[in-house]
Each structure stands twice: as C-alpha cells, then as structure tokens.
Amino acid sequence: MGASKATFLLAVIAAAVLNAAVLCSGGITSSFVRKVEKTVDMPLYSDIFKVPPGYNAPQQVHITQGDHEGKAVIVSWVTVDEPGSNTVLYWAENSNQKNKAKGSITKYKFYNYTSGYIHHCTIRRLEYNTKYYYEVGIGHTTRKFWFTTPPEVGPDAPYTFGLIGDLGQSYDSNKTLTHYEQNPAKGQTVLFVGDLSYADNYPNHDNVRWDTWGRFVERSVAYQPWIWTAGNHELDFAPELGETKPFKPYSHRYHVPFKASNSTAPFWYSIKRASAYIIVLSSYSAYGKYTPQYEWLKEELPKVNRSETPWLIVLVHSPWYNSYNYHFMEGETMRVIYEPWFVQYKVDVVFAGHVHAYERSERVSNIAYNVVNGICTPVKNPLAPVYITIGDGGNLEGLATNMTEPQPKYSAFREASFGHATFSIKNRTHAYYSWHRNQDGYAVEADSMWFFNRYWHPVDDSTTAQS
Ligand SMILES: *[C@@H]1O[C@H](CO)[C@@H](O)[C@H](O)[C@H]1NC(C)=O
Ligand SMILES: *[C@@H]1O[C@H](CO)[C@@H](O)[C@H](O)[C@H]1NC(C)=O
Ligand SMILES: *[C@@H]1O[C@H](CO)[C@@H](O)[C@H](O)[C@H]1NC(C)=O
Ligand SMILES: *[C@@H]1O[C@H](CO)[C@@H](O)[C@H](O)[C@H]1NC(C)=O
Ligand SMILES: *[C@@H]1O[C@H](CO)[C@@H](O)[C@H](O)[C@H]1NC(C)=O
Ligand SMILES: *[C@@H]1O[C@H](CO)[C@@H](O)[C@H](O)[C@H]1NC(C)=O
C-alpha cells in the first residue's frame, strides 16, 4: 500500500480513536457527551411507588443471601395496618410440599416518623440451583414471588453478578434499574455497593423515602438477592434531631447474614456464592488496627480457599483509587491499612461506589511507603486487584463530572455517566466484565474487560498499553 494511503488510514484511525476518547498520560477519559442536568427524585405519586392493594398487603419485599454458602435466603417485607403474619410459605418449583418458616417483626421511630412492621424471615436448607416460589402476607393479602438459588459452591460454577451503587430514587435511578433488568447478560444477584434511598437528603431525613425506595426496587430485589454494603447515606446520624445511633433505619430494614461469617456487626461480613467469595467492608465503621472490623478481616482473608471459590471480590463504599474531584482521597486511610492484605491474598476486584460516576483502574498497588522512604506512587502490580468505582446509579445529587487532570496512570477508563455493570464468571480462570451507560441500548457495552483470575490464571489482563 502506498505511503499516502497508509497515512490517510492512520489519520482515519486516529480520528476514530480521538472521537471516542481523549488519550491522556493514563488510560481513557471518555468524551461521551450527555445532557448534564441535575436529576430529580420521582414524586411520591409515581407509578413505581404505588402501595400494593389489599388490607395489610406486604410491601417493599426484598431478599438477600441468608447464610454463608447460598442455601438460605432472608425474606423481608413491611406491613402497615397491623403486624400480621410473620410466616413465609415457600415451595420448590417441582414440588407439592409447601414449607413454612417463621420470622420476626421489628419497627423503629426516627424523629417524628414511625416505621411500619418490618418482617425478616430466614428460610434455610434450600436446594442449590432450584427455583422456589414464596408467599408473604398469610391471613390478609398474600403476595407471591420467586427466586432461584445459586449453584453449589465450587470452583467452576458460572455465575453473573450485577453491580449497582448509589442508586437513590430519581428518574435516572429508574433508568439504571430498567437497564439492569433488560441487560441480556442477565445478572442473577446484585452486588450493591452502598447508598440506597438518599432519604437523608430530605428534611428530617424523611423516612417515608426509605419506604418509597423499598417499593421502587421491589420489582428486582423480591426476585433476586441484592448483597448490601453500607454507604454514608445509610448512617442517618442526626444529633440535631436527637438521632444519634448510626445506621438506624438501614439496620432495621436490611438484614444481612453477618453472623454466618463470624462477624460481630452487620456492616462487614462475607458470603460464598457459586465460585465467588464476597467480602463486604464498611467505610463508616472503625477499621483501624485492633478494631472489630480489622480483627475480623485479618482472620477472614486466610480462610478463603481459592480451590473452592476462585474469585475473591470485595465490596466497600468509599473507593481507594478515585481520580474524580469528588470524595478525593476519602478512602485513603482504609487503603493504607488494608491494601497490603489485598495484594497478599490476591483479591481479584474491588467494587466501590460513593463517587457518582464510573472508573476502572489498572492492577496497581501503593504499599511500599513507610514514612521515611518517599515511595508513595501507585505502581503496576499483577497481584493487585482491579478497582472499579460504580457509584453511577443515578441518585438526585447528580453526576460527578470534575476529574483530576491529567488522568493518573493507574486509571484505565473513566466516564461521568449513569449506568450499571455486570461481572460474569465463566470458570475458575475467566470472568467477563462490562459497564453499561443508560443512554445506550440495553446490550451496548461502554467499557468491558476479560478478568483473568489472580490465583488460577495470573497473566496480564490490563487494557491500557503502558509500561
Ligand atoms: C414531622 O415534622 C415536620 C416538621 O418538623 C412536619 O412537616 C411533618 O409533617 C412531621 N411528620 C409527621 C409524620 O408528623
Ligand atoms: C420506571 O420504569 C418503569 C420500567 O421501565 C416504568 O414502567 C415506569 O413508568 C417508570 N416510572 C417513572 C416514574 O419513571
Ligand atoms: C465461625 O467460628 C466457628 C467457631 O470458631 C467456626 O466453627 C466456624 O467455622 C466459623 N465460620 C466461618 C464461616 O468462618
Ligand atoms: C479447599 O477446597 C478444596 C475444594 O473444595 C478442598 O478439597 C480442600 O480440602 C480445601 N482446603 C482446605 C484447607 O480446606
Ligand atoms: C474542579 O475541582 C477542582 C479541585 O477541587 C477545582 O479547583 C475546580 O474549580 C473544579 N472545576 C469546576 C469546573 O468545578
Ligand atoms: C474458561 O472460560 C473461558 C472463556 O469462556 C474459555 O476461553 C476457557 O477455555 C475456559 N476454560 C476452561 C478450562 O474451560
């Protein structure tokens, strides 16, 4: 081919690349253009906030994993007229045998708000890989839902997780949830990285917005477990209202199986699900040396058996690697304390929220610094996790658009758009990850990457051509 033709082709390729992205010293800062508007919450009369009809009908139905292995489910719901039955009726798809489990009822007050009757019921000894129907509201208005249990814990069990963070209840939140539901990758469980309802943005932290959020997400979380992480919007710490117990609404409404992993508080815990070992940490509970969370994590990491669960995933709200000018370095103190362990134990990926945008890092670590040696720049490290910020659920606070410049070397891809992601484990060596922005069609991937497992297949999986 002639020189002029080659030059022309190069120019075309360069133009195409520049069109999609601005190349900086790091990875890619997407130049995707969207309408930048402050998003607003859906009004109380919105279709998706409707209270289900019928006397004392269960509402805000949600499920999460109920044990360490995936053979139990916690079913939660709220009734408002009276406590009603706390029994869950459940049966396997191919069985006539109806089983009953009894739960407990709680309620709480927050300033001048009084909650409904909050039910939590753990159903146990389920079979793996089985579709179950369940019914709540026995004796008054019954409502029926279903879920599918995960495959037995094992090294090559394929499984697809959805990733959603900082969701809130705006029109954009609704788009994010719809895109997740319609994604052909078909997430089977959501790993939720914190900041659920944003009720605390309302006067007196109006807890009615916790109820509307529960009704909004029911269409997904009543049918597949969401694995909860506590964010700053779960704190509801409001001494000016006389509310000084952190996490009060969150911990009454969202139960997690923390005791099954020998945790002493519901803000840090672990579960196994299919081929993944998932560790949930709390950015807003003490994590320094000697604290309960520190002592738990120190015991926890050596327990992970990669022959059983090859994929080690960590969820935490505040990101450790974040190149946006929002919440910049807020995760730094936790990073300094725990990052050496994450490298030592070859964590595959860390998902965080908090920053209302999307970012994916290269495999880097920054663990050499010791106060006197001055070695404090992140370096490429094949043993380190990939850090992904997925706080782009679409809440009313709007997008984080202001980024540090130039893009740091450790940052592989960043874009200020709302969206969600999926992490699809194929076997012990490969997992396919993709991020979807709300402006695109349901199947369109705006960022993607093949993850190679750090324990079984620790070869280079970076996506940026760099040293
Ligand atoms: C709570 O107090 C606020 C004002 O302080 C008031 O607007 C609101 O109606 C009250 N809510 C209830 C449930 O009493
Ligand atoms: C939310 O999304 C659902 C599903 O796409 C749709 O049916 C509903 O009308 C939406 N509601 C609002 C208030 O946007
Ligand atoms: C929790 O601790 C008990 C008692 O030490 C132990 O038998 C059990 O295996 C531990 N469970 C987990 C999930 O680590
Ligand atoms: C790790 O898991 C494998 C596969 O389940 C099992 O054979 C092995 O005994 C486990 N190792 C330990 C130390 O528990
Ligand atoms: C972006 O953030 C930087 C650092 O906080 C600040 O100096 C700058 O003014 C911000 N830019 C805009 C456009 O807000
Ligand atoms: C694991 O999955 C990847 C991607 O689907 C595939 O290329 C590879 O052959 C699989 N490995 C095994 C051992 O099946």
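The values are calculated or read from the model by the stated rules, or taken from the named source; none is laboratory data. All values reported here derive from a predicted model rather than from experimental measurement. Quick reminder, even Gly has a Cβ in these numbers, built from the backbone with ideal geometry, and neighbours come from all protein chains shown. SASA here: full protein model, heavy atoms, side chains in, ligands and nucleic acids out. Shrake-Rupley method; radii C 1.70, N 1.55, O 1.52, S 1.80 Å.
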The lysines whose Cα lies under 19 Å from the Cα of K289, excluding any fewer than 8 residues away in the same chain, are K298
Gyration tensor verdict on segment 162-266 (Cα atoms; rounded if a/c is under 1.5, prolate if a/b is larger than b/c, oblate otherwise)
oblate
Can you tell me the accessible area per residue over segment 132-176, all protein chains present, probe 1.4 angstrom, in square angstrom?
32 Å²
Carbon and sulfur atoms: what percent of the 1.4 Å accessible area of the chain do they account for?
55 percent
For the ranges 187-197, 290-300, what's the packing order if you count other beta-carbon atoms within 10 Å of each residue, average per peptide, and put the highest first?
187-197, 290-300
What does the C-alpha gyration tensor say about the overall shape of segment 244-349? Classify as rounded when a/c is under 1.5, otherwise prolate if a/b is larger than b/c, or oblate.
oblate
Mean separation of Cα contacts under 8 Å (at least 6 apart) over the residue count of segment 245-360, i.e. the relative contact order in percent, is 22 percent
Among bridges DSSP assigns within the chain, what percent are antiparallel (round to 5)?
80 percent
Between helix 332-344 and the chain, what is the angle of the helix's C-alpha long axis to the longest principal axis, kept within 0 to 90° and rounded to the nearest 10?
80 degrees
Quick one: helix 3-20 against the long Cα principal axis of the chain, what's the angle to the nearest 10°, folded into 0 to 90?
30 degrees
Hey, what angle do you get for helix 208-221 against the long axis of the chain, alpha-carbon based, 0 to 90 degrees rounded to 10?
70 degrees
Show me, for segment 53-69, the HN-Hα J-couplings you get by feeding each phi into the Karplus relation (A = 6.51, B = -1.76, C = 1.60, θ = phi - 60°), rounded to Hz, glycine and proline as x.
x, x, 4, 6, 5, x, 9, 6, 5, 8, 10, 8, 4, x, 8, 8, 10
With the 1.4 Å probe rolled over protein heavy atoms, segment 340-467 has an accessible area per residue in Å² of 36 Å²
What is the packing order of peptides 318-331, 241-254, taking the mean over residues of other C-beta atoms within 10 Å and listing the highest first?
318-331, 241-254
Quick check on packing: order 227-239, 138-150 by the mean number of other C-beta atoms within 10 Å, highest mean leading.
227-239, 138-150
